[in-house]
1. From MET86, MET57, grab the single residue that is within 43 Å of the chain's Cα centre (by Cα), part of a helix (DSSP H, G or I) and not polar (S, T, N, Q).
2. Residue check: is GLU3 exposed (fewer than 10 other Cβ atoms within 10 Å of the Cβ), in a helix (DSSP H, G or I) and either at pLDDT 95 or above or of a type in the set (Asp, Glu) (or both)?
3. Please give the number of the condition PHE92 fails out of (1) among the aromatic types (Phe, Trp, Tyr); (2) modelled with pLDDT under 95; (3) under 42 Å from the mean Cα position of the chain (by Cα).
4. Could you go through region 31-48 and let me know if any residue there is more than 27 Å from the chain's Cα centre (by Cα), aliphatic (A, V, I, L, M) and at pLDDT below 95.
Amino acid sequence: MEEGYQSYQGDVQTRVRDVEEKQRLLRDRILLLGQTLVEEREKTFKEMQEMKKMTFMLKEENDRMKEFLQRITEQLTSTARKEELMILQRQFDLFRK
């Protein structure tokens, strides 16, 4: 009977050690996953900040290009009017003679 008890006690101790080892391994895995998650979150945050900066820069550049095109359009419109006035002036001069 004593022998059966010792065998049972040894069996229980082995199972307890196995369970403790599994818990330790799971804890280590969870810590690694947590660390990886934090690192990935930081990386994603940095990428998002960079994308925000790039978007802001592109928006500013787009606004500058719009203003530039608007100025060119205004100048082209006024240039066409000057040419029309010159043609009218020539025609007027022809009628005067």
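1. Numbers: MET86 fails: within 43 Å of the chain's Cα centre (by Cα).
When all the criteria are applied, what remains is MET57.
2. Numbers: exposed (fewer than 10 other Cβ atoms within 10 Å of the Cβ): yes; in a helix (DSSP H, G or I): yes; either at pLDDT 95 or above or of a type in the set (Asp, Glu) (or both): yes.
Against the criterion (exposed (fewer than 10 other Cβ atoms within 10 Å of the Cβ), in a helix (DSSP H, G or I) and either at pLDDT 95 or above or of a type in the set (Asp, Glu) (or both)), GLU3 qualifies.
3. So PHE92 meets the others, but not (3).
4. Residues of region 31-48 more than 27 Å from the chain's Cα centre (by Cα): 31.
Next, from what is left, pick out any that are aliphatic (A, V, I, L, M): 31.
Now drop any that are not at pLDDT below 95, which leaves none.
Within region 31-48, none of the residues are more than 27 Å from the chain's Cα centre (by Cα), aliphatic (A, V, I, L, M) and at pLDDT below 95.
The values are calculated or read from the model by the stated rules, or taken from the named source; none is laboratory data. Since the structure is predicted, the reported quantities are computational estimates derived from the model, not experimental observations. Neighbour counts are summed over all protein chains in view; Cβ atoms, including those assigned to glycine, are modelled from backbone coordinates with ideal geometry.
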